[in-house]
Amino acid sequence: MIVELKVLRSKTGPMEESQVINYLRAADMTLALLFNFGLPSLEYRRFVLSPRSSRTSPDTAEPGERAAKPRAIGLSGAAEE
């Protein structure tokens with residue numbers, strides 16, 4: 001599991017999410033947590049990357065195969081696209 005700790009005065013966005021996803025792929029891992037302690041209340045996200053998608057990028061996908069998009073689970077527990 002990868003745990004990324006941030007202290008940002010604003011909510012985490014696509015740049016921080018991309019960074020965590022890149023860490024997952026580089027480490028060949030499937031689970032990461034992103035915490036932001038810079039706001040008045042704790043912000044956290046859970047990332048789950050399927051093992052197959054961690055090795056498949058659009059550049060290396062076989063013809064007809066699409067790379068899976070990692071899912072981020074927000075505070076409500078619902079998957080976000």
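The values are calculated or read from the model by the stated rules, or taken from the named source; none is laboratory data. Predicted model only: the values in this text are computed from it and were never measured. Cβ: placed from backbone, ideal geometry, glycine included. Neighbour counts: every protein chain shown.
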note = Within the range 19-38, residues touching a Lys or Arg at 6+ places or on another chain (Cβ under 9 Å) and not in a loop (DSSP other than H, G, I, E, B) come out as VAL20, ARG25, LEU31, ALA32, LEU33, LEU34, PHE35, ASN36
message = For the range 27-43, give me each residue that is among the polar types (S, T, N, Q) and either over 13 Å from GLU17 (Cα atoms) or surrounded by fewer than 14 Cβ atoms within 10 Å (Cβ to Cβ) (or both).
response = THR30, SER41
ask   = Looking only at the range 39-50, which residues are within 13 Å of the chain's Cα centre (by Cα) and in a strand (DSSP E or B)?
value = TYR44, ARG45, ARG46, PHE47, VAL48
ask   = SER57 versus (1) of a type in the set (Ser, Thr, Tyr); (2) in a loop (DSSP other than H, G, I, E, B); (3) at pLDDT 95 or above: which is the lone unmet condition?
value = (3)
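Let's see how each residue does on (1) in contact with an Asp or Glu (Cβ under 8 Å, 6 or more places away or on another chain); (2) hydrophobic (A, V, I, L, M, F, W, C); (3) at pLDDT 95 or above:
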| site | (1), (2), (3) |
| --- | --- |
| LYS6 | yes, no, yes |
| ARG25 | no, no, no |
| PRO40 | no, no, yes |
| ARG46 | no, no, yes |
